[in-house]
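The values are calculated or read from the model by the stated rules, or taken from the named source; none is laboratory data. These figures come from a predicted structure and were not determined experimentally. Backbone-built Cβ (ideal geometry, glycine too); neighbour counts: all protein chains shown. The protein model used for the area step is the full one, side chains on, heavy atoms only, and it has no ligands, DNA or RNA in it. Shrake-Rupley method; radii C 1.70, N 1.55, O 1.52, S 1.80 Å.
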Amino acid sequence: MRKTIHITHGAMTVALTGIILLLDRMLMGFFMPFLALPLVVYGSYYSLNESIIVAVSNVIIAMILVGLLPTVLTSIGYSTVGLAYIYAYHNNFTKKQTYVIMSVFMAIFYVIMVLFFGEYFGLNITETIDSISGFVQFLPAVGVKIAAYVLSFLTMLMEVFIVKVSGDMVVTLLQHHRKK
């Protein structure tokens, strides 16, 4: 019985991820930070090893449904961040420790995404800095470069915050609902 429930919940998690992927395509990236949420909820009930299988399935569903390299890379990144959350959840990390571990994995994802695959995402950091420097004459090029990296870092932290808080909210509400 336990194995059947595990497979059913895993399939529902992958289906929810597919729905988020389709909604994300329609709304131009608005739902992308929520891509880790079904995996986080699944991982709160099952082990990290079982969650890894579902995370791989989420990446495969991204390849099947969308098939675009940026979406598949984003699915890999958010699945990794979701697995970091699950690891912290099962090891009873503090909030601060959870934010740190999730931020490390999100930072690795951002570095890979921006430096190596930036052109697939429509982002070339050097061209962006050059074009902003052309508009903002009163700031030196170094100031614009620092501002671009600081804003990218803040964006990364905001996404970690969204994943952590939404995951905590949903998991807490589901646990509260199960107690009734």
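Observations, loosely collected:
- Against the criterion of solvent-accessible heavy-atom surface with a 1.4 angstrom probe, ASP168, ASP24 sort, most first, into ASP168, ASP24.
- Identified option (computed Cα extents along the principal axes in Å; candidates [x] 66, 37, 25; [y] 42, 38, 35; [z] 102, 35, 28): [x]
- In this label model, ILE132 and VAL72 are separated by 3.1 nm, measuring between points 7 Å along each Cα→Cβ vector.
- Compared with the dominant Cα axis of the chain, that is its longest principal axis, helix 69-90 is turned about 60°.
- Long-range tail of P(r) for the stretch 1-78 (Cα pairs > 15 Å, %): 50
- Counting Lys and Arg as +1 and Asp and Glu as -1 over every other residue whose Cβ lies under 13 Å from the Cβ of SER75, the net charge comes to 0.
- The residues of the chain expose on average 60 square angstrom of accessible surface per residue, using a 1.4 Å probe on protein heavy atoms.
- Counting only aspartates and glutamates at least 8 places from LYS164 when in the same chain, there are none with an alpha carbon closer than 15 Å to its own.
- With the gyration tensor restricted to C-alpha atoms of the stretch 70-111, the semi-axes of the equivalent ellipsoid amount to 20, 11, 5 Å, longest first.
- Crossing angle, helix 125-135 versus the chain [Cα axis fit, 0-90 degrees, rounded to tens]: 50
- Taking the protein heavy atoms of the chain in the context of the full set of protein chains, the accessible area attributed to carbon and sulfur is 73 percent at 1.4 Å.
- Legend: distances between Cα atoms for LYS96/LYS179; LYS3/LYS95; LYS95/LYS145; pairs beyond 29 Å are LYS3/LYS95; LYS95/LYS145.
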